[in-house]
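Q: First, the structure itself, so that you have it in front of you.
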Amino acid sequence: MSVLGIDLWTLVIVLVVFAFAVGFLGALAGLGGGEIINPVLYLVFGVPFGFSTGASSVSVMGTSTAASAEYVRARVPDIRVASLLQAVKVPGAIGGAALTVYLVRLGWTPVLLIVLGLVLGLTVPLYVIARHEEDPRPETSGKPDRITQELGLKGNYFDQSRKKVLPYRAKHSAWTMLVMIPSGLVTGLFGIGGGVLNILGMDRIMGLPMKVSSATSNFMNGLAVMSSAGVLFAGGLVIPQLAAPLAIGCVTGAYTGSRFFPRFHNQQIRWVFIALLMVFSVWTLYKGVVTL
Amino acid sequence: MNADQGDACVIPNDPTFTKKSYDQMADALLYGFLGFLLLAVIGVIVGVYKEGYLSFNTILKQNPRSEYWTVPQYFGYLFGGGANAFILMGIAFMVAATLSRTIITTVYFFKGGERVLGTVTVLVMIMLVGCLLLARYW
């Protein structure tokens, strides 16, 4: 099913509305839009796979820039943790994007589709096991490793529910850095933020509070997606007139969702996102296998 | 630890990253985002009005890599009302914002005596610049 034959006005409006909905729901569910935008562009809109990846990466860059501006002003992201982890994630993203350009040129799109289907499928259980509530751990829990101690990876954040500043301290930094390798690769390969992997690393392994993990993930995603978008652009996979309406819709949707509807954070929206991820995982896998 | 006076959240001050440093980063990101939004909207409107007769299939046949490869060509498209030129300029705003906040981070790391993280951030920026040069010459 392809809608590429319709006139440009209609298509632009459809793209903006679609991206707004994804950005809006993503903000409420605590996920970026890349995981939905890329498969929908390919499967529903009929956009060639490499172009859908380029457009998705620009959308994620827009969402990350807009959201980070808000979070940074509130001093939520941990700049030290972000600086350490992005040193691993950025090369992964550059490598992933270069691989996408190479495989698209070789005509190995079905392989990319199968991998995307598996990544989306894997995202579901990771998203389910991730904590979605603020549950600050005591500062003394867990023994910090050498990297954590040397770099002083600890900080404070303001907990809204308790109305007080809570301290935290990171641990297992080396293991978390390892998680950033696949996170960077999927960012580059598919133009998605890899937020689920980021948060898994920072929340589950590093032991940072959920709010700090989420904001730090957003903060460092900007740099990783920017580098992968540069490679994708070099490879001719970023079509500006496709990327712009998506980025506009996604950014305004995410802004509206996070700014005006914070009380709508609920389990039902997360289940809608999980259902969508499962559908697109199976659909993408199927498309990859039949076109192999 | 001392606290920022007048800050509603009263987050204890970090010796390296003060409230001022966070505000500088937030401003850079905000201006980048607003610049992108403005130019992207102009680009989309220009694109629809100037190229609205095209089907999207025609747009997908463009090769952005060759079309905007030289600076004079790029500005030619921009001043000629080229939709893609506006959108790419918007994306460049976001890139500049992200690079600015990374430079600010690096400066504060070195000012705060955190040389390891400062060096790591410099290395990431070198990688990024390499990546952007790759985008230009690949």
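Q: With labels modelled as points extended 7 Å from the Cα through the Cβ direction, what inter-label distance (nm, one decimal) is found for B:Arg115 paired with B:Phe75?
A: 4.3 nm
Q: Run through all the Cα pairs of region A:48-130 and give the fraction in each 10 Å bin from 0, expressed as whole percent.
A: P(r) for region A:48-130, in whole percents per bin: 14, 33, 39, 13, 1.
Q: Treating the angle as unsigned and between 0 and 90°, give the value, to the nearest 10°, between the Cα long axis of helix A:79-106 and the longest Cα principal axis of chain A.
A: 20 degrees
Q: Here's another thing I want to ask about it. First obtain the Kirkwood hydrodynamic radius of region A:1-110 from its Cα pairs, then insert it into the Stokes-Einstein equation at 25 °C and 0.890 mPa s, and state the resulting D in µm² per second as a whole number. Numbers along the way, then the final one.
A: On the way: Rh = 15.9 Å.
Estimated via Stokes-Einstein, D reaches 154 µm²/s.
Q: On a 0 to 90° scale, report how tilted helix A:267-290 is relative to the longest principal axis of chain A, with both axes built from alpha carbons and the result rounded to the nearest 10.
A: 50 degrees
Q: Restricting things to alpha carbons, tell me how big region B:72-123 is in terms of Rg and Dmax, in Å.
A: Just the Cα atoms of region B:72-123 yield Rg and Dmax of 16.8, 49 Å.
Q: Sorted from fewest to most neighbouring beta carbons within 10 Å, what does the list B:Asp14, A:Asp203 look like? Let's see the in-between values first.
A: Numbers: B:Asp14 21, A:Asp203 25.
By the 10 Å Cβ count, ascending, the order reads B:Asp14, A:Asp203.
Q: Can I ask one more? If you fit an axis through the alpha-carbon atoms of helix A:49-73 and take the longest principal axis of the Cα set of chain A, what angle between them do you get, 0 to 90°, nearest 10?
A: 30 degrees
Q: Once the Cα gyration tensor of chain A is diagonalised, what are the square roots of 5 times its eigenvalues, in whole Å and ordered largest first, as equivalent ellipsoid semi-axes?
A: Values: eigenvalues 200, 86, 54 Å².
Semi-axes from the Cα gyration tensor: 32, 21, 16 Å.
Q: I'd like the mean, over residues of B:24-32, of how many other protein chain beta carbons sit within 10 Å of each residue's own Cβ. Mind dumping the intermediate values first?
A: Numbers: counts 1, 8, 8, 3, 4, 12, 7, 2, 7.
For this peptide, the per-residue mean of nearby foreign Cβ atoms is 6.
Since every read-out is calculated from the coordinates, none of them should be taken as a lab result. Please read these numbers as outputs of a predicted model, since none were measured by experiment. Heads up, the Cβs are rebuilt from the backbone with ideal geometry, glycines too, and the neighbour counts pull from every protein chain shown.
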